Amino acid sequence: MVRVWRGRAEGKYQAFEVPRHASQTVLDVVTHIQRVLDSTLAYRFACRVGMCGSCAMTVNGVARWTCRTHVDKVVKNDQMEIAPLRNLPVIRDLVTDMSEFFDKWAKAKGQFSGPLTKKEDFQKVKPDSPGRVAVDAGIECIGCAVCYSSCDVVSWNPEYLGPAALNRAWTLVKDERDSRKIERLRAVAGDAGCHSCHTHMSCTEHCPKQISPTAGIAGLKREIAFAVLGGEL
Amino acid sequence: MNFRTQTFLWVAQRASAAVLALCVTVHLATMVYAIRGGLSAAEILSRTKGSVGWLMFYTVFVLAVTVHAPIGLRSVVTEWFGWRGAARDVFLLGLAMLLAAMGMRAVFGVFL
């Protein structure tokens, strides 16, 4: 039996009986409900192969990418509870409004900004340089908001930029081609930024891409501390 | 409060935590060692009165607490009770001064 959240912030769980199949994913279950049992169910997905970051939901209390989560892995006593992501406003059923999540990427200056024009040659970056190694560790984020949904600091402090935005800022701070480092460090410092992180590591624990935003946030804390104490910031 | 001050607070809390780790270790180890043969106020005072070493040690200890505790409480009152803004920071500054005053009173109480 699958219990699925229906409604917005106020609502209730609705129970469905869904047949089990081999290699069935949680997204398969939700799709079966919508296509066969109740066409009014709202949910979001796109690629179905773990690339787009659209289908994250709370499954049995844990935020997960549903297209790559097998039912076998999460089902308990043939029961499953599926809810929208935490820490984001619910539009309807399993669909959350992710505007705030992506607005915070912009607030964290998550856009690359290089000094070169298209008339100049590519800037060469050595793959084994320390900066590039740090970037590689965090660059595969798909923007699914599982980390944001799992973060207690976000739920306590709505201004907090959150793990994904800070991880993005970190990958740009360590990108030697980027030219807005100081501006970016200023944007992610302080109470709404990296200094509010308590290093609970829920983001790192639940990230489906095995990224450690916690490590990036710790890096930002160090960079900012040295920049402030050195008078650069 | 701007991001620079917030960053300074973060650095100050980490630095004071490092000092406290050392101070608490020395404090506990000394206590365990000192009470082997029983504990009396007179015995403690005989060691601390006029001891510039202990005066300096506990002064550092108290000042580290004064820095560390209010910054930690700032996060607690913000996250648990939603208290933000200047009034919160003024309250915590007052708390820091109270901790410093009470702590230093105790330090001088066993030194003088």
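The values are calculated or read from the model by the stated rules, or taken from the named source; none is laboratory data. Just so it is clear, the model here is predicted, and its values are computed rather than measured. Neighbour counts are summed over all protein chains in view; Cβ atoms, including those assigned to glycine, are modelled from backbone coordinates with ideal geometry.
Of a type outside the set (A, V, I, L, M, F, W, C) and modelled with pLDDT under 95: is that true of A:Asn167 in this structure?
Working: of a type outside the set (A, V, I, L, M, F, W, C): yes; modelled with pLDDT under 95: no.
Spelling it out, it is not the case that A:Asn167 is of a type outside the set (A, V, I, L, M, F, W, C) and modelled with pLDDT under 95.
So, of the residues in segment A:29-43 that are crowded, with 18+ Cβ neighbours inside 10 Å and touching a residue at least 40 places away in the same chain (Cβ under 8 Å), which turns out to be farthest from A:Cys141 (Cα to Cα)?
A:Leu41
Kindly evaluate A:Ile211 against the criterion of being more than 14 Å from chain B (Cβ to nearest Cβ), surrounded by 20 or more Cβ atoms within 10 Å (Cβ to Cβ) and in a loop (DSSP other than H, G, I, E, B).
Details: more than 14 Å from chain B (Cβ to nearest Cβ): yes; surrounded by 20 or more Cβ atoms within 10 Å (Cβ to Cβ): yes; in a loop (DSSP other than H, G, I, E, B): yes.
The answer is yes for A:Ile211.
Just to be sure before I move on: is A:Cys203 assigned to a loop (DSSP other than H, G, I, E, B), buried (at least 21 other Cβ atoms within 10 Å of the Cβ) and away from chain B (no Cβ under 14 Å) in the structure I sent? Outline the logic, then answer.
Numbers: assigned to a loop (DSSP other than H, G, I, E, B): no; buried (at least 21 other Cβ atoms within 10 Å of the Cβ): yes; away from chain B (no Cβ under 14 Å): yes.
Here the answer is no, as A:Cys203 does not meet what is asked.
Could you look through segment A:214-233, keep only residues that are in a helix (DSSP H, G or I) and among the small types (Gly, Ala, Ser), and pick out the one that is nearest to the other protein chains (Cβ to nearest Cβ)?
Start the filter on segment A:214-233 by keeping residues that are in a helix (DSSP H, G or I), which leaves A:214-229.
Keeping just the survivors that are among the small types (Gly, Ala, Ser) gives A:215-216, A:218-219, A:225, A:227.
Values: A:Ala215: 17, A:Gly216: 16, A:Ala218: 11, A:Gly219: 14, A:Ala225: 5, A:Ala227: 9 Å.
Filtering segment A:214-233 for residues that are in a helix (DSSP H, G or I) and among the small types (Gly, Ala, Ser), the one nearest to the other protein chains (Cβ to nearest Cβ) comes out as A:Ala225.
Suppose we keep only residues that are within 13 Å of the chain's Cα centre (by Cα) and without any contact (Cβ under 8 Å) to a residue 40 or more places away in the chain within segment B:16-43. Which one would you say is nearest to A:Cys197 (Cα to Cα)? Full working, then the answer.
Step one: list which residues in segment B:16-43 are within 13 Å of the chain's Cα centre (by Cα), which gives B:16-24, B:27.
Those left that are additionally without any contact (Cβ under 8 Å) to a residue 40 or more places away in the chain: B:18, B:21-22, B:24, B:27.
Working: B:Ala18: 19, B:Ala21: 21, B:Leu22: 25, B:Val24: 25, B:His27: 30 Å.
Among them, the one singled out is B:Ala18.
Can you pull out the residues in segment B:1-40 that are more than 13 Å from chain A (Cβ to nearest Cβ), more than 22 Å from B:Met56 (Cα to Cα) and either touching a Ser or Thr at 6+ places or on another chain (Cβ under 7 Å) or among the hydrophobic types (A, V, I, L, M, F, W, C) (or both)?
B:Leu39 - this is the single residue of segment B:1-40 that is more than 13 Å from chain A (Cβ to nearest Cβ), more than 22 Å from B:Met56 (Cα to Cα) and either touching a Ser or Thr at 6+ places or on another chain (Cβ under 7 Å) or among the hydrophobic types (A, V, I, L, M, F, W, C) (or both).
For residues that are surrounded by 14 or more Cβ atoms within 10 Å (Cβ to Cβ) and part of a helix (DSSP H, G or I), scanning just segment A:89-101, find the one that is nearest to the chain's Cα centre (by Cα).
A:Phe101
In segment A:38-53, which residues are farther than 15 Å from A:Gly7 by Cβ and either in contact with a strand residue (DSSP E or B) (Cβ under 9 Å, 6 or more places away or on another chain) or of a type in the set (Val, Ile, Thr) (or both)? Step through it out loud before you land on a result.
Applying the first criterion (farther than 15 Å from A:Gly7 by Cβ) to segment A:38-53 yields A:39, A:44-53.
Passing the criteria: A:Arg44, A:Arg48, A:Val49, A:Gly50, A:Gly53.
Confirm whether A:Val173 is more than 30 Å from A:Arg3 (Cα to Cα), surrounded by 13 or more Cβ atoms within 10 Å (Cβ to Cβ), assigned by TED's automatic domain parsing to the domain that holds A:Ile224 and free of Cβ contacts under 8 Å to residues at least 60 places away in the same chain.
On the way: more than 30 Å from A:Arg3 (Cα to Cα): yes; surrounded by 13 or more Cβ atoms within 10 Å (Cβ to Cβ): yes; assigned by TED's automatic domain parsing to the domain that holds A:Ile224: yes; free of Cβ contacts under 8 Å to residues at least 60 places away in the same chain: yes.
It is true that A:Val173 is more than 30 Å from A:Arg3 (Cα to Cα), surrounded by 13 or more Cβ atoms within 10 Å (Cβ to Cβ), assigned by TED's automatic domain parsing to the domain that holds A:Ile224 and free of Cβ contacts under 8 Å to residues at least 60 places away in the same chain.
Just checking, does segment A:49-59 include any residue being under 15 Å from A:Val18 (Cβ atoms), β-branched (Val, Ile, Thr) and either part of a helix (DSSP H, G or I) or in the same structural domain as A:Glu205 (by TED's automatic domain parsing) (or both)?
No; the residues of segment A:49-59 include none that is under 15 Å from A:Val18 (Cβ atoms), β-branched (Val, Ile, Thr) and either part of a helix (DSSP H, G or I) or in the same structural domain as A:Glu205 (by TED's automatic domain parsing) (or both).
Going by the structure shown, is A:Arg186 outside the structural domain of A:Cys67 (by TED's automatic domain parsing) and either modelled with pLDDT under 95 or surrounded by 22 or more Cβ atoms within 10 Å (Cβ to Cβ) (or both)?
Details: outside the structural domain of A:Cys67 (by TED's automatic domain parsing): yes; either modelled with pLDDT under 95 or surrounded by 22 or more Cβ atoms within 10 Å (Cβ to Cβ) (or both): no.
Taking the combined requirement at face value, the residue does not satisfy it.
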